[in-house]
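The numbers here are math on the coordinates, done by the rules we state, and not lab data. If you're wondering where the values come from, they're calculated on a predicted model, not measured in any experiment. Cβ atoms come from the backbone with ideal geometry, glycine included; neighbour counts cover every protein chain shown.
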Amino acid sequence: MRIQKIQKQIDRKNYEESKEYQSYVTGEITKADFKCRQEKNADAIMRLRGQISDEEASRRRVKRFCEKKIQWLKAIYRFQSEVTLDKNMIKILVDSIYLYPGKRLVINLNFKDEYARMADGEEI
């Protein structure tokens, strides 16, 4: 939706530029005025295209985030009725297991919390 609004702004700027060209051709504005307005329009369009790129990148991040969450939910749903942990479950759910002295155990799960990474400003 936002991208469409930005694209409409770009279309409007292009239309304005064509109107200004007509004004130049008919002698209503000077060549210098036309060039100045053309440069302003080009800068505005470039900024708007940058906004579209930013919006598309944001959408891709959200899509990846949602896909990872869906994978996690599918895996959890698949194993929710299991009573014991088997090799297949570990392969799907666990990334790594570390055993430290003093019987300390660290288990890193697959499907890490992408939301926490996004909140910290990392790329997803």
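Sort 87, 19 by Cβ crowding within 10 Å, fewest neighbours at the top. Present the calculation step by step, with values, prior to reporting the outcome.
Values: 87 7, 19 11.
Sorted ascending by nearby Cβ count, the order is 87, 19.
So how far apart, in nm, are the two label points at residue 97 and residue 44 if each is 7 Å from Cα heading toward Cβ?
6.3 nm
Fewest Cβ neighbours within 10 Å first, please rank 106, 83, 62 accordingly.
Final ranking by Cβ density, sparse to dense: 83, 106, 62.
Would you calculate the volume per residue, in Å³, of the smallest convex hull containing every Cα atom of segment 2-119?
Hull volume normalised by residue count: 149 Å³.
If Lys and Arg each add +1 and Asp and Glu each add -1, what is the summed charge of the other residues whose beta carbon sits under 12 Å from the beta carbon of residue 12?
Details: positive: 5, 8, 13, 19; negative: 11, 16, 17.
Charge balance in the 12 Å sphere: +1.
For segment 85-92, take each phi angle, set θ = phi - 60°, evaluate the Karplus expression 6.51 cos²θ - 1.76 cosθ + 1.60, and give the result in whole Hz per residue in order, putting x for glycine and proline.
9, 10, 4, 4, 5, 4, 4, 7
So how tilted is helix 31-79 from the main axis of the chain? Cα-based, degrees 0 to 90, rounded to 10.
Roughly 20 degrees between the two axes.
Taking a threshold of 31 Å on the Cα-Cα distance, which of the pairs 5/68; 8/69; 5/35; 40/68; 19/63; 8/31 fall above it?
Distance filter (> 31 Å) returns 8/69; 40/68; 19/63.
If you average the sequence gap of Cα pairs under 8 Å that are 6 or more apart and divide by the length of the chain, what percent do you get for the contact order?
The normalised contact order for the chain reaches 20 percent.
Taking the Cα centre of segment 13-93 as the origin and placing charges on Cβ (Lys, Arg +1; Asp, Glu -1), which of 14, 46, 70 is farthest toward the positive end of the dipole?
70
Could you work out how much longer the chain between residue 32 and residue 81 gets when fully extended? Use 0.36 nm per residue separation minus the Cα distance between them, nm to one decimal.
The residue 32-residue 81 span can extend by a further 10.1 nm.
Between helix 2-25 and the chain, what is the angle of the helix's C-alpha long axis to the longest principal axis, kept within 0 to 90° and rounded to the nearest 10?
So the inclination is approximately 20 degrees.
With a cut-off of 13 Å, note down the residues of segment 1-22 whose backbone N falls inside the zone around a label point 7 Å from the Cα of residue 62 toward its beta carbon.
From segment 1-22, the list is 1-4.
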